[in-house]
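Here the structure comes first, spelled out in structure tokens, and everything after it is commentary.
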Amino acid sequence: MSDTVSSASQAREIDQLARSTMPALGIDLGGTKIRAGAVRNGELISETRQVATPDNPEGIIRALCDLVEQFKKEIDLTGIGVATAGIVDCSTGEVIGSTGNLPGWAGTRLKSVLESRVLLPVLVENDANAAAYGESRSEALRGLTCVVVVTLGTGIGGGIILSGKLYRGSRFAAGEIGHIRISINNERLCTCGLFDCWEAYGSGRGLIATAAQMLDGITESQSPLARSVGSVSTYAIFAAANQGDLLAQKIVHRWHEHVSHGMVNLAHILNPDCFVLTGGLADSVDLQLLADMIADRSLPVVSENVQVRHSELAGNAGLIGAAQLVVDELLVGKPL
Ligand code: BMX
Ligand code: ZN
């Protein structure tokens, strides 16, 4: 190799190393809230900021731009990674599918709209896929054959990692695990338009629907939760259960059963080494109870070796994964 060629490739390596260690902004856009934080080398390097998710696409885009502008004032950002609920063609950054959790969101050309407004490179990925990418870099998950990351939030999202690589499917919809069917009774309508999706039972919305059913006919003296029937929050349900409210404990137990149903189905299809739980409700999961329920409903060969664990990224997996994706897939390796 001539001196000129080797010094050019050395310069390129240095550029790329420098860019991979520059901070990117990660944004996690869910059905209820939008959270953002600056990330360098897979680690959060700022406080996170959070706003409620507006109920229309233009409002969401404005909220995203506002967050970027706030961080831009303080940190020299290389790019923006957006983890959004919905099915995303991550080669174009367009949202190609969405449930009623984000009404009107399908059809949004998020990458091009944001790039033209914030003047930085943008990568867009499904929220649970981004969370799975964030998780997949941890030491605990390296070298495993199959890891399924389950996000328990307003909906249920999923990211599938096969031998260290994110599996996106033929049309970017792999991991839309919230919409596997867990009952045949056409009992609950999901926000996607189908009946009896796992998400209609196991997500935050599903838990609230279960609580409403189980609180029907209950008096305040039987459960203080009956006072707020119709407007009960997931937070209130878990708080009441922790304070010894027997009905709330039953509701939470039923929710664990619902969560286990989807995981049992996935376990038999994918035979994963590990399930990682993340999202707003993940910390409320009793891991032992859930693992026991999965074992009770699975072939031993499937359940014996599957671990169920909490994310180690403290609810930040989506935004950390999105920020890492923009660095790894968009910036490193691209000419300056
Ligand atoms: C829904 C679907 C998924 C998403 C999941 C978790 C939309 C808008 N959302 O199943 O793409 O991954 O919810 O989303 O289509 P969250 O809002 O709970 O974070
Ligand atoms: Zn559905």
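Going highest first, how would you order 272-281, 299-308, 177-186, 76-85 by mean Cβ packing within 10 Å?
Averaged packing, sorted descending, gives the order 76-85, 272-281, 177-186, 299-308.
State the percentage of accessible surface on region 152-242 attributable to carbon and sulfur atoms; use a 1.4 Å probe and exclude ligands, DNA and RNA.
That fraction is 53 percent.
Quote the relative contact order of the chain in percent (integer), defining contacts as alpha-carbon pairs under 8 Å separated by 6+ residues.
Result for the chain is 21 percent.
When ligands, DNA and RNA are left out and all protein chains stay put, how many square angstrom of accessible area per residue does the chain have with a 1.4 Å probe?
47
On the full set of protein chains, 1.4 Å probe, figure out the accessible area of Lys33 and give it in Å² to the nearest 10.
80
State, as an integer percentage, the relative contact order of region 67-123 based on alpha-carbon contacts under 8 Å between residues 6 or more apart.
Relative contact order for region 67-123 comes out at 34 percent.
Per DSSP H run of n ≥ 4, the term is -39500 (n - 2.57); total these for the chain, divide by its residue number, and report the mean residue ellipticity at 222 nm rounded to 500 deg cm²/dmol.
That calculation yields -11500 deg cm²/dmol at 222 nm.
Report the accessible area of Tyr201, computed with a 1.4 Å probe over the heavy atoms of all protein chains in place, in Å² rounded to the nearest 10.
10
So how do Phe71, Phe238 rank on accessible area, 1.4 Å probe, biggest first, that is with the largest at the start?
Largest accessible area first, the residues go Phe238, Phe71.
Not counting ligands, DNA or RNA, and with a 1.4 Å probe, what is Cys192's accessible surface area in Å² rounded to the nearest 10?
Surface open to solvent at Cys192 totals about 50 Å².
Keeping the other protein chains in place, figure out the carbon and sulfur percent of the accessible area of region 15-128, with a 1.4 Å probe.
After summing per-atom areas, the C and S share lands at 49 percent.
The values are calculated or read from the model by the stated rules, or taken from the named source; none is laboratory data. Given the structure is predicted, the values throughout are model-derived calculations rather than measurements. Note: ideal-geometry Cβ built from the backbone for every residue, glycine included; neighbour counts use all protein chains shown. Protein only, heavy atoms only, side chains kept; ligands, DNA and RNA dropped before computing areas. Shrake-Rupley method; radii C 1.70, N 1.55, O 1.52, S 1.80 Å.
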